[in-house]
Amino acid sequence: MTVTELVRITAKPEPELMPRWVPRRAGIVNVWRYYDEVFTFHDGRLLLRGPNGSGKSKALELLLPFLFDANLRASRLSTFGTGERTMHWNLMGEGTSATTRVGYVWLEFSLSGDDSRWFTCGCRLQASTHSATVQADYFTTSQRVGTADGLLLVNEAGQPLTKAALAETLGDHGAVHGNAGDYRTAVRQTLFPGLTEQRYEALITALLQLRVPKLSQRLDPALLSTLLSRALPPLGQQEITDLAEGFERLDQQRERLMAIDVEIAATRVLADRQRTYARRVLRAVSAALISATSTMDTLTRAARTSAEEYGRVAADRTQCQRTIEQLDVLIPSCQAEIDGMTDCEAYKQGRELDQLRQQVAAERSRAISLRSDASLKRSESDSDAAQCSAAERACERRAQALRGLESETTHAAIRAGMASVQSEVGQAGADQTRSRQLLRAAVQARLSQVEAARKALGEHDRCVGRRQDAEEELEAARAAFTTARDRLRDRAVRADREAGALDGHLPRTRLRRPGCPAGRSRVRARSDRARRSHRFGRDPGHHSE
């Protein structure tokens, strides 16, 4: 939509009988698609041009005769006289995402012949998604809108003023009217002095009819005559006033009923949505309760099982403590016997044998490791030979494909990331030796990268094998240690038992030869040798006396 300034025609001005108010500017702030639009009149006239949908009719709906009529009915707002586009739709429609929207519409007049007197009438509109009604606050002021010393309808953040802020900003220069009737009276008495309410209403009706689009195609002479007749001075003012007030009350009652119907419909929709929401909330809460109950049952079973397990573990712990106390009593005697056994010559020879066995086991594990490494290297060699053969065959196939399919080679080189090599081969032209060298170098570079990756993987596999072998050796050593400890314990017990049996025989031997010291020493030496032989698992008769 464009605003065209009318060209002033130089003519002799006609003298006016009396000064009148002339429209100078109009504005729309944050309503429909208008953010902050100002329309300037030229000698009281305004021409709006633009394609369909640019907002010409919408500007008329929001400004004239709404600011004279102060009526929010959709049939009086629409230029076509329909009820489809309400003021609530003008504020909250067209994809508005906010829940509340506030806007202003205003119209500025100046007195002809006296530019120092101004009069501005306007309306503050507020709508919300929670209600289908629009709150309208009408105001009049002697200030100009948007000037340095005038009235500002937005705050420093660019947001429209609230009703309280608007009243505070107006101060002594204007007022915010309590209802639409007071506002209409103030506008009528200021702009149209001496015009009665009936004639003022007829003027607004004429404006509504003349505002209809394509007026020339649907011009009704009878209706036009009726409108002009209504504009004449009325007869029987009191009766007509009573009738007008009755019709106005009927209209207001109808508007209230329509508003109540809209509120009832909105309440029903809200009740349905609230009922659906409550069902969903109850379903979610019940699901959470069922889940919590099942979780509590699971935790209860787990706690019962844990308590039983704790009882068994506590009993085992008590038994182990008792066993440990018994073993602590036997440790000093066992340690003394171990010290005596480790000091003898036979134990030292057995320790050398254990060292030799450990060396044999180490060499055996080393041989196994070397055999596994050799097998792994042989398999790697076979795989490398197979890969080398496959790579040579692939090179031959690519060399044949290069001679016949240059376009496919280009796409393949781009996909393989070898576009530079392909361009150098193309530059070589008929020099096949150079082309093959380039291709062979590229393939060898890729093969070297693949070989490096394979070597790294092989080294990783070998390290994993060596780790597994070491873990197996560790488990074998632990098992051997456990076996040796058990065997040592068994032999110690048997040695104690045999030593006790031999000690029981010593007194009888001394009684046989009480007078022979040499015999007692030989018997004692033989007993000691027998005890040592039993301790180390040897035959007592092996040594001579």
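The values are calculated or read from the model by the stated rules, or taken from the named source; none is laboratory data. For clarity, every value in this text was computed on a predicted model and none was experimentally measured. Note that we place each Cβ from the backbone using ideal geometry, even for glycine, and neighbour counts take in every protein chain shown.
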Taking the criterion of being exposed (fewer than 15 other Cβ atoms within 10 Å of the Cβ), modelled with pLDDT under 90 and at positive phi, would at least one residue in region 151-168 satisfy it?
yes
Would you confirm whether or not region 192-204 contains a residue that is of a type in the set (Ser, Thr, Tyr), within 24 Å of Ser110 (Cβ to Cβ) and not assigned by TED's automatic domain parsing to the domain that holds Val102?
yes
Consider region 77-104. How many of its residues are farther than 30 Å from Arg20 by Cβ and part of a loop (DSSP other than H, G, I, E, B)?
13
If the requirement is being assigned to a helix (DSSP H, G or I), within 43 Å of the chain's Cα centre (by Cα), hydrophobic (A, V, I, L, M, F, W, C) and surrounded by 10 or more Cβ atoms within 10 Å (Cβ to Cβ), which of these qualifies: Leu327, Leu282?
Leu282
Quick check: is even one residue across region 159-181 within 22 Å of Arg45 (Cα to Cα), in the same structural domain as Thr86 (by TED's automatic domain parsing) and in contact (Cβ under 8 Å) with a residue 12 or more places away in the chain?
no
List every residue pair whose Cβ atoms sit under 8 Å apart, with the two residues 6 or more apart in sequence or on different chains, where the first one lies in region 239-265 and is not assigned by TED's automatic domain parsing to the domain that holds Ala180 and the second, anywhere, is part of a helix (DSSP H, G or I).
Ile240/Gln198; Thr241/Glu197; Thr241/Gln198; Ala244/Glu197; Ala244/Gln198; Ala244/Glu201
Please verify whether region 124-136 includes one or more residues that are exposed (fewer than 13 other Cβ atoms within 10 Å of the Cβ), assigned by TED's automatic domain parsing to the domain that holds Leu62 and of a type outside the set (Val, Ile, Thr).
yes
Can you name the condition, by its number, that Glu337 falls short on among (1) under 30 Å from Gln468 (Cβ atoms); (2) in contact (Cβ under 8 Å) with a residue 12 or more places away in the chain?
(1)
Which condition number in (1) more than 16 Å from Gln126 (Cα to Cα); (2) surrounded by fewer than 19 Cβ atoms within 10 Å (Cβ to Cβ); (3) at pLDDT 85 or above; (4) charged (D, E, K, R) is the one that Glu84 fails?
(3)
Residues of region 105-152 being assigned to a strand (DSSP E or B) and closer than 30 Å to Val269 by Cα, in sequence order, are Arg124, Leu125, Gln126, Ala127, Ser128, Val134, Gln135, Ala136, Asp137
Looking at region 27-54, which of its residues are part of a loop (DSSP other than H, G, I, E, B) and surrounded by fewer than 18 Cβ atoms within 10 Å (Cβ to Cβ)?
Arg33, Asp43, Gly44, Gly50, Pro51, Asn52, Gly53, Ser54
Residues that are of a type outside the set (Lys, Arg), modelled with pLDDT of 90 or more and in contact with a Lys or Arg (Cβ under 6 Å, 6 or more places away or on another chain): does region 113-136 have at least one?
yes
